[in-house]
Every structure is written in structure tokens, then in C-alpha cells.
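Pasting a structure here, questions to come.
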């Protein structure tokens, strides 16, 4: 008898792209295996660090063999889908073309895509856009017969759901500050934030993702922060990222998928759009009172950034309101809902 859901999941990772596309697909792998199924994540680009991370979570994964986009690995994808008896192939990221997904569909496979902006969506039968307010983009996906849009479909990984929703109680004044700029931080935002934090006696928790590259700028920024009296702990690819995030009073974060993770954990956040495709997401989070600041990093001075952090750290009512709104916006079951639709 056939087991549970079977999925082939495809994304790229690397220093320039980060690991977010792969990480959210891994939430689908979690959901499929939790229902007695099977999934394999196929990673292109610079896959090494991401494959290592998936291995620690016992998620089946293989390299695609492609370093600059996915259009030449379709035979590998088709072979894996047929071997697995896959219900669907899911692709995520900017490197895939309409011809690529058409070749998969022509092989008789059901193809779904993850999309963030609706600017140039792939013509797949199923589309998932799990971003805040994505429901308004429905008309941008004319090829999709199934449109899974908005926070009900957010692909939260299972290790986050093992933490209590909304996290531990907030302290009167935030002192333990998380700095996280995604899986790679290609623009050096971590160093910029560390240099901006003037207030002494902070416990700063710095998270470096799997594709982060340490450099002289970061080393110098760490020394500056310590010289100002901050206690700085650096965590590279932490084994239990959700627990580490939940232990902090306040976060300073890039405005990608991490905002939803911090929201589920109830951690008040100063958000920064560190790349152009995060600007709309940051703005929507501010409009819904889920984060503070929400401006492009290039438009914020060091003084303004330090002031935003200090203001939120001292404002317990605002942090409580932010926590409550964020926790209410995300129930953590999005990956389960998407898998149900992919196997319907």
C-alpha cells in the first residue's frame, strides 16, 4: 500500500542568494515525513553548507550539480520524481525558467512553485506565496489552478513549532538582543548593526547563517561592540536556532522569512530590508504593527538605527502588543496545509 505524501523539492543556495529558499522547502519535507511520506531536497548553487545543515535535521537531500541555475538538471528531477512516485515537484527561487517547469509538466509530473512578489511568476499549476498580505496578489498568477496565498500557508519549519508559541514572557527592559541577517548576509548588515549599537551593557547574540562569510569588516565590528561594553556571543549555524532566538528579548533582523519565525516565537523585532525584494515585506509588517522600523538598511543612519533599538527595548507595552499581534498572525500549520493541497 502507498505511504504518505511524496515530494521532490528544488532550490538553490549560496552566499549571494542565502539559504532561505531551501529552508522553507525543508518545512514541506518535515510535513511530508510527519505524515508517513518521503521527500528529497535537491540543492543547486553552492550547496555544501546547506546540505550539511539538512543532514543534521535528517532531511534527505542531494546536490543538483548545477552552480548557476536549475535549467540543466531537469532529467535529474524527473528521475527522482519517478523513483519516488512523487505527488509533486516544488521549485523555489529566481533561477528557474518557464521552459524548465514546462519540461517537468510535459513529463507528466505535477509542478508547484513558491513565489514572493508576483512579478514574474512561473506558469505552474500550483503556486504558494506565504508572505504577509499575499492574498492581494491572486490576479498575478493566471496560470495557477491552485493558489495558496498568505500567512495561513507560511512554511514554518518543525523545529520552530517545538518551541512554545509566543515564546517566554517579555522582561521589563530588553537587554538580550538577537542580530540575525539571514543565511548569508551578502551586504554586510551584521557588521553595520554591531557598529551602530551604542547603548552599553547589552548581551548581543549574533547568528551567522550557513552561507555567511566572515571578513575583516565583521571582525572589526565585533571588536567595536565589545569595546563599548557589550557582551557578544557569536553562533555560526547554531544547532537549535529556534531556542536561541526564543531566549532573546528583542531581535534586529533582515526582513525576509525570519520575520515570520520571530513572530511565531513572539520576539519583538526591529526589521531592516537589506535587499530590494525585502522592502515590501518590511513595509507590510510595519503596517500590521508586527515590527518596528521596517526601512531599507541603506536609508537608515546609524543614529536612527540605535535610537529605534533603544526605543523598542525600553517600551514594554509596544513590545507586548507586537508579540501578541505577531503570534496571532501565524499558527505554524502552513506546511501541513500546503502538503494537503499538493496531495489532494
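The values are calculated or read from the model by the stated rules, or taken from the named source; none is laboratory data. Model, not experiment: these values are computed from the prediction. Don't worry about glycine lacking a Cβ; one is built from the backbone with ideal geometry, like all the others, and counts go over all protein chains shown.
Out of (1) closer than 17 Å to residue 255 by Cα; (2) surrounded by fewer than 23 Cβ atoms within 10 Å (Cβ to Cβ); (3) modelled with pLDDT of 95 or more, the odd one out for residue 139 is which?
Only one criterion is unmet by residue 139, namely (1).
Please enumerate the residues belonging to segment 279-296 that are in contact with a helix residue (DSSP H, G or I) (Cβ under 9 Å, 6 or more places away or on another chain) and part of a helix (DSSP H, G or I).
Matches in segment 279-296: 281, 282, 285.
Same structure, new question: So, in segment 35-78, exactly how many residues are in a strand (DSSP E or B) and either touching a helix residue (DSSP H, G or I) at 6+ places or on another chain (Cβ under 7 Å) or not assigned by TED's automatic domain parsing to the domain that holds residue 109 (or both)? So that I can check it myself, show each step before the final result.
Start the filter on segment 35-78 by keeping residues that are in a strand (DSSP E or B), which leaves 38-45, 61-63.
This time we only want the ones that are either touching a helix residue (DSSP H, G or I) at 6+ places or on another chain (Cβ under 7 Å) or not assigned by TED's automatic domain parsing to the domain that holds residue 109 (or both), so: 38-43, 61, 63.
Residues in segment 35-78 being in a strand (DSSP E or B) and either touching a helix residue (DSSP H, G or I) at 6+ places or on another chain (Cβ under 7 Å) or not assigned by TED's automatic domain parsing to the domain that holds residue 109 (or both): 8 in total.
Here are some residues: 272, 259, 305. Which one is closer than 20 Å to residue 177 by Cα and either without any contact (Cβ under 8 Å) to a residue 12 or more places away in the chain or part of a strand (DSSP E or B) (or both)? Break it down into steps so the answer makes sense when it comes.
Working: 259 fails: either without any contact (Cβ under 8 Å) to a residue 12 or more places away in the chain or part of a strand (DSSP E or B) (or both); 305 fails: either without any contact (Cβ under 8 Å) to a residue 12 or more places away in the chain or part of a strand (DSSP E or B) (or both).
Every option except 272 fails the conditions.
Quick check on residue 331: is it outside any loop (DSSP other than H, G, I, E, B) and either without any contact (Cβ under 8 Å) to a residue 12 or more places away in the chain or within 18 Å of the chain's Cα centre (by Cα) (or both)?
Working: outside any loop (DSSP other than H, G, I, E, B): no; either without any contact (Cβ under 8 Å) to a residue 12 or more places away in the chain or within 18 Å of the chain's Cα centre (by Cα) (or both): yes.
Considered against the rule, which asks whether it is outside any loop (DSSP other than H, G, I, E, B) and either without any contact (Cβ under 8 Å) to a residue 12 or more places away in the chain or within 18 Å of the chain's Cα centre (by Cα) (or both), residue 331 comes out as no.
Please note which strands (runs of 3 or more DSSP E) are completely contained in segment 104-206 and include at least 1 residues that are assigned by TED's automatic domain parsing to the domain that holds residue 301.
Answer list for segment 104-206: 176-180.
If you check residue 340 against the conditions, is it assigned to a loop (DSSP other than H, G, I, E, B) and surrounded by fewer than 19 Cβ atoms within 10 Å (Cβ to Cβ)?
no
Ok, one more. So how many residues does segment 17-47 have that are surrounded by fewer than 24 Cβ atoms within 10 Å (Cβ to Cβ) and closer than 17 Å to residue 116 by Cα?
2
Taking into account only those residues within segment 215-237 that are free of Cβ contacts under 8 Å to residues at least 40 places away in the same chain and closer than 18 Å to residue 53 by Cα, which is farthest from the chain's Cα centre (by Cα)?
Here the answer is 234.
State all residues of segment 227-256 that are surrounded by fewer than 21 Cβ atoms within 10 Å (Cβ to Cβ), outside any helix (DSSP H, G or I) and touching a strand residue (DSSP E or B) at 6+ places or on another chain (Cβ under 9 Å); if no residue qualifies, say none.
Scanning segment 227-256 gives 230, 231, 232, 233, 234, 235, 236, 237, 238, 247.
Quick one: which residue in 81, 32, 27 is out of contact with any strand residue (DSSP E or B) (no Cβ under 9 Å at 6 or more places or on another chain) and either at pLDDT 90 or above or part of a loop (DSSP other than H, G, I, E, B) (or both)?
From the options 81, 32, 27, the qualifying one is 27.
Checking residue 320 against (1) in contact (Cβ under 8 Å) with a residue 60 or more places away in the chain; (2) assigned to a helix (DSSP H, G or I); (3) surrounded by 16 or more Cβ atoms within 10 Å (Cβ to Cβ), only one condition comes out false. Which one?
The one condition residue 320 does not meet is (3).
Further question on the same structure: So, residue 30, is that one closer than 19 Å to residue 107 by Cα, touching a residue at least 24 places away in the same chain (Cβ under 8 Å) and outside the structural domain of residue 237 (by TED's automatic domain parsing) or not?
no
Would you pick out the residues in segment 191-219 that are at pLDDT 90 or above and surrounded by fewer than 13 Cβ atoms within 10 Å (Cβ to Cβ)?
Passing the criteria: 216, 219.
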